[in-house]
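Student: The structure follows.
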């Protein structure tokens, strides 16, 4: 219990991932949905870093690094799109985006 | 001992922050909680000895990403409470937990069971930042450059997208003007 | 001789086709004349063939062409004129010629004059095919052909609902019997390897009795339909809706005797299975009495004669069933003459009475219709079997056969029936021709039929009188192919007692009929008299409630079950199952369309669910692969 | 040129159909008739050049399509398929000739020409894949004909028709692929050629499964009970020409395929499934005949009567002897002619009154005597009157099956009774009685265009009933070859006794049969 091992980190990562998924599924506001994706990415980052640490391998950290980079670009582009959408429709409600109706 | 205390403390903090993020109905609270959670996560990186990553986490996430979010929220009416989806809570949380467990299981199981040998073992005597630099600029040079280009592209894209019609502010316009604009746009879309 | 065979066979066909050309045109007298001439040609040819055969000539046998040949089956259109078929040919062509000529007068005012001759000649052709064929398949062609023509002629006045109904009833009932016949043919083919009479009968003695019994039974079922034996008898009385010449030709003289012909033709088969023969004889005796009883009270002139036909067919089957095939054939011939005469006479009466059929509404017609009166009386005398007319020789012979073969029950039934026959025949005569002129109440002015119709009938009259004298020569001719059985009651006293007793009995029945119905007190029954309210009368009047039972317990249920099959089973079960399956698939699509509603958050949820599903699959498979050996061990332990 | 007569027969109408798009609307009918006429003449030439003494395939054509999987374009006809091909070209011809005024006449004719290609293709194909392709393609023109020119429920009917038969044939395709795979396993070579498959003797268990797979595809097409419900809808909604071709040719694909595929490929399974199929066939015969009796729509009567007659065909096919199979093939042709004619006749009255309900008629024999006569002839053919075409087939089919089972044949023979009941009832309702409805009083009798179609059919009905030999003989030769092949291939003891050995003469089988009793 006191000795923190890889499993602890992985469990933490799992919990955070779950929280992120819950966010994804229940949020309607697109902005808050973005927040939830950030949580997902971060939970994975923790797992990467932990594995990297416990196996003495830097690859995990490298991946976490790139994940952060991707997250940053995603936010930039995503927010841009969001703003355009908002300008056109006056809201960022997910339910109004139904042009993909099958 | 210290490690354990720190882990549990930050674990609790992170989870509660993120929990607030996904449950609160106020966008501002969510933003704040998310930013806090990001900082707490960097603590794990420090505990794990990934100092550089921790620093990047704080700078990029809390510094850059959160700032962009904050700016982005200025465009929206963030004081309004967010309408929640009326879904079955149990299904949602059940699905979330299940999938998380499965993901971790699948990726972690082989790691735990087999003895992995490190591709890039940590170099003795060098600090974390140096190590990272060594690997990043040798083995991961091309991905790194690509990431850089991607960030540039994303930046430009963000500017172009968000910058369109910056001269108009929907919040300041009255409904009639908005309708007028909408109609024009609809025409464009239709044609 | 073959030339005459072809003329006899195809002249009716030509006649039919010729008349058929004019079906859509208005009445043309020459159609009837040409048709009659062609049928007459057939009659002449048949006569030539008859003299040829009587003169001890060869049996004429031709094979026209192949009909069906596949596998081992070989069926030709083969025709044979031997002693049996030539008898039938004579009967058929003679009666048809007379009926054709008669019809020119009878159908004079009918719109369907030309069509009538087309059908009538087609019937003659089918009948000729039936009797002349040298194999069972050809017999079946004629068998079905006469059924078809019978359908067309019963329903000739197709605007009458009851006529078309009767036509369909006759056809369908015959079809039921034909099924039996068909099965009989199959049995013959698969057991003897051929459908030719010659080959089939030659092979039969070597077959086991059970098979032969089945063949005999199924063939007789076919005969029962055509000859209207119980329980397939109801169509014959209803068939009287057709024009009267049709009744005379088809439903008295020729078609209904086809069943007897079949049994006679298959004599070699039935000789091998005497128990089936006994059954046939018993049924025949039963039908004889059964039909006669119904004729006692009937108030429809034609139906009375129809029942009498049925009764006489019963006599023929008794003779055929007891092995006296030549007697059956002889009675068939004699019966054809006097019964056709009776029917044609009835046709004259009907014409005179403007299609009135109830003899109680006639009476006293002998003044206006002298010739018809004479003819019908003589025909009835012949039917009753009074010496020296035709009926005496043939019918008495059947009684003797039954007596000699020690079937005393059959004998007594037939004897009683003979009395009944005499009674109802003369009841009819008395009601029509004697007593008060009751028709005057209904404002009818009767008139005698055309001269040429009466002339046409005269050969029948002659034959009805003298046919009995052919007995000896006929016996000599026909026993060349049929079993040569002479029936003599050995003790002369017994013989004379029997003959004279029968004659006296019959004469008494006639006298009783005259006494009861020829006086002037006969009134049109109004349903109030005591007799009319008795149970026996009601049963007989309603034909033992058999038609009612058929309607109620066969036709209606069939209709209802059909309806249930369609509306409940086909639409609600079979089709609904198919539609149900399609509906399930469709509604699954309809429901799962929500996934594609375009609502992003729903889609996200489904995405997560899909991920979970796929991941679990991955885990399961991973585990399965890892623990493959263990799983295998467990499964084999479970015995899989 | 005549080396490729079958390819010409198949693709000439399709090619002509493509060119048909360029033809003026007004001259389209003449163009269609002439194309169909040439096609018919070609098919007659095929008959003329056909050597009826040869039992095997004739006019064979072969061309490899996908050599690595053994898929080739192989065509050929024998006595079994020859007459159905002729019938197909004949019906297309008189179908176009008797076509009444239809909207989009041009498209209809082009569709019919394409349909003809697929029909001839199905009956000439000797490669499973080519067969399958034509089999499925034949659905498309029919779908158009029902869906575009049909009655008010046409979309439902056409979709039902399409999906139902399509589903069945997919199962059949799976069976074909398995068959080819077994062939590959046994010989090491891929082949979809039917004649190659004939040489393969499968173990009985395989046969059962493959038989079942093929059976589903064929049974839906036939259609056998309980897969028959698409047919009344399809007939009920289809225009006259669609019903005629559907009943005359398309249904025959199923029974033809039984003889072409199921019997020679799986002789043991055929014997195994003989009784169940015979029972289904008997249910078809009696049950659908009763349903036909309950109908109020004359076209439905004819439609259900088709199913009933198809039951006799199936029964004859599974008699597994020469008499029965020849009879069933002959009955296919007979039923094609008769039911085609009956549908044409129903079309005649429908054109005049725009209703098919029998209670709307009555007494038509007064106003339309010629129509009543032709209808009467066809009616009598339909109920199996001797000397009409149907009787020969029905007689032989039942005769053949009688060798296998007495009781079942007796039950099947009820067909001749129940058939008479519904047909006569329908005829009585339509033609007998007095004319009670005002509109019926002045109906014109059949006109020349209709007679063009009906007279030849009437002639054929009687001609082949009196003299079936020219058709029956080639059929007989080919069927004998099939039966012998089946006997040789049979592995189980029961199949050996059930399927007669023709080389040893009939006597031996007959004694064997007696012992079996």
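The values are calculated or read from the model by the stated rules, or taken from the named source; none is laboratory data. Note that the coordinates shown come from a computational prediction; the quantities given were computed from them, not determined experimentally. Quick reminder, even Gly has a Cβ in these numbers, built from the backbone with ideal geometry, and neighbours come from all protein chains shown.
Student: Within the stretch B:30-41, is there a residue that is in contact with a helix residue (DSSP H, G or I) (Cβ under 8 Å, 6 or more places away or on another chain), more than 20 Å from residue A:32 (Cβ to Cβ) and crowded, with 21+ Cβ neighbours inside 10 Å?
Tutor: Within the stretch B:30-41 (the criterion being in contact with a helix residue (DSSP H, G or I) (Cβ under 8 Å, 6 or more places away or on another chain), more than 20 Å from residue A:32 (Cβ to Cβ) and crowded, with 21+ Cβ neighbours inside 10 Å), the answer is no, since none of the residues qualifies.
Student: Same structure again: Which ones in the stretch D:468-499 are at the interface with chain C (Cβ under 8 Å from one of its Cβ atoms) and buried (at least 23 other Cβ atoms within 10 Å of the Cβ)?
Tutor: D:468, D:472, D:475, D:476, D:479
Student: How many of the residues in the stretch D:376-408 are more than 19 Å from residue D:465 (Cβ to Cβ), at the interface with chain C (Cβ under 8 Å from one of its Cβ atoms) and either out of contact with any helix residue (DSSP H, G or I) (no Cβ under 9 Å at 6 or more places or on another chain) or buried (at least 24 other Cβ atoms within 10 Å of the Cβ) (or both)?
Tutor: Total meeting the criteria: 1.
Student: Same structure again: In the stretch A:24-39, what residues are within 7 Å of another protein chain (Cβ to nearest Cβ) and within 16 Å of residue B:38 (Cα to Cα)?
Tutor: Across the stretch A:24-39, the qualifying residues are A:32, A:35, A:36, A:38, A:39.
Student: Is there a residue being closer than 22 Å to residue C:599 by Cβ and either surrounded by 24 or more Cβ atoms within 10 Å (Cβ to Cβ) or modelled with pLDDT of 90 or more (or both) anywhere in the stretch A:10-20?
Tutor: Yes, there is a match, as at least one residue in the stretch A:10-20 is closer than 22 Å to residue C:599 by Cβ and either surrounded by 24 or more Cβ atoms within 10 Å (Cβ to Cβ) or modelled with pLDDT of 90 or more (or both).
Student: Hey, another quick one. For the stretch C:482-489, check the following and say yes or no: at least one residue is exposed (fewer than 15 other Cβ atoms within 10 Å of the Cβ), part of a helix (DSSP H, G or I) and touching a helix residue (DSSP H, G or I) at 6+ places or on another chain (Cβ under 7 Å).
Tutor: The answer is no, given that none of the residues of the stretch C:482-489 is exposed (fewer than 15 other Cβ atoms within 10 Å of the Cβ), part of a helix (DSSP H, G or I) and touching a helix residue (DSSP H, G or I) at 6+ places or on another chain (Cβ under 7 Å).
Residue-wise test of (1) touching a strand residue (DSSP E or B) at 6+ places or on another chain (Cβ under 7 Å); (2) within 9 Å of chain A (Cβ to nearest Cβ); (3) surrounded by fewer than 18 Cβ atoms within 10 Å (Cβ to Cβ); (4) modelled with pLDDT of 75 or more.
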| position | (1), (2), (3), (4) |
| --- | --- |
| B:100 | no, yes, no, yes |
| B:107 | no, yes, yes, no |
| B:119 | yes, yes, yes, no |
| B:133 | no, no, yes, yes |
| B:137 | no, no, yes, yes |
| B:142 | no, no, yes, yes |
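Student: What residue, of C:545, C:550, C:627, is over 30 Å from residue D:164 (Cβ atoms), surrounded by 15 or more Cβ atoms within 10 Å (Cβ to Cβ) and away from chain A (no Cβ under 14 Å)?
Tutor: Result of the check over C:545, C:550, C:627: C:550.
Student: Looking for whichever is in contact (Cβ under 8 Å) with a residue 60 or more places away in the chain and not in a helix (DSSP H, G or I) here; the options are C:156, C:123, C:201, C:117. Which one fits?
Tutor: C:156
Student: Anything in the stretch B:40-54 that is more than 20 Å from residue B:17 (Cα to Cα) and more than 7 Å from chain A (Cβ to nearest Cβ)? List them, or say none.
Tutor: B:51, B:52
Student: Residue under question is residue C:187, and the condition is that it be closer than 17 Å to residue C:138 by Cα, in contact with a helix residue (DSSP H, G or I) (Cβ under 7 Å, 6 or more places away or on another chain), buried (at least 24 other Cβ atoms within 10 Å of the Cβ) and facing another protein chain (nearest Cβ under 10 Å); does it hold?
Tutor: no
Student: Given the criterion crowded, with 24+ Cβ neighbours inside 10 Å and assigned to a loop (DSSP other than H, G, I, E, B), identify the matching residue among C:365, C:313, C:383.
Tutor: C:365
Student: Taking residue B:180 as the residue in question, decide whether it is more than 25 Å from residue A:79 (Cβ to Cβ), surrounded by 10 or more Cβ atoms within 10 Å (Cβ to Cβ), modelled with pLDDT of 65 or more and more than 9 Å from chain A (Cβ to nearest Cβ).
Tutor: Yes: the conditions hold for residue B:180.
Student: Within the bounds of the stretch C:168-178, is there any residue that is touching a strand residue (DSSP E or B) at 6+ places or on another chain (Cβ under 9 Å), farther than 21 Å from residue D:373 by Cβ, in a helix (DSSP H, G or I) and facing chain D (nearest Cβ under 8 Å)?
Tutor: No, every residue in the stretch C:168-178 fails to be touching a strand residue (DSSP E or B) at 6+ places or on another chain (Cβ under 9 Å), farther than 21 Å from residue D:373 by Cβ, in a helix (DSSP H, G or I) and facing chain D (nearest Cβ under 8 Å).
Student: Taking the options D:43, D:55, D:34, D:27, name whichever one is at pLDDT below 90 and within 27 Å of the chain's Cα centre (by Cα).
Tutor: Only one candidate passes the filter, namely D:55.
Student: Could you tell me whether the stretch D:325-335 includes any residue that is assigned to a helix (DSSP H, G or I), in contact with a helix residue (DSSP H, G or I) (Cβ under 6 Å, 6 or more places away or on another chain) and either free of Cβ contacts under 8 Å to residues at least 24 places away in the same chain or at positive phi (or both)?
Tutor: no
Student: Would you confirm whether any residue within the stretch C:405-426 is surrounded by fewer than 22 Cβ atoms within 10 Å (Cβ to Cβ), modelled with pLDDT under 85 and within 28 Å of residue C:540 (Cβ to Cβ)?
Tutor: yes
Student: Inside the stretch D:359-375, can you point out the residues that are more than 11 Å from chain C (Cβ to nearest Cβ) and either in contact with a strand residue (DSSP E or B) (Cβ under 7 Å, 6 or more places away or on another chain) or surrounded by fewer than 20 Cβ atoms within 10 Å (Cβ to Cβ) (or both)?
Tutor: D:359, D:360, D:367
Student: Which of the residues spanning the stretch A:45-90 are within 14 Å of chain C (Cβ to nearest Cβ) and either in contact (Cβ under 8 Å) with a residue 24 or more places away in the chain or crowded, with 18+ Cβ neighbours inside 10 Å (or both)?
Tutor: Passing the criteria: A:78, A:82, A:85.
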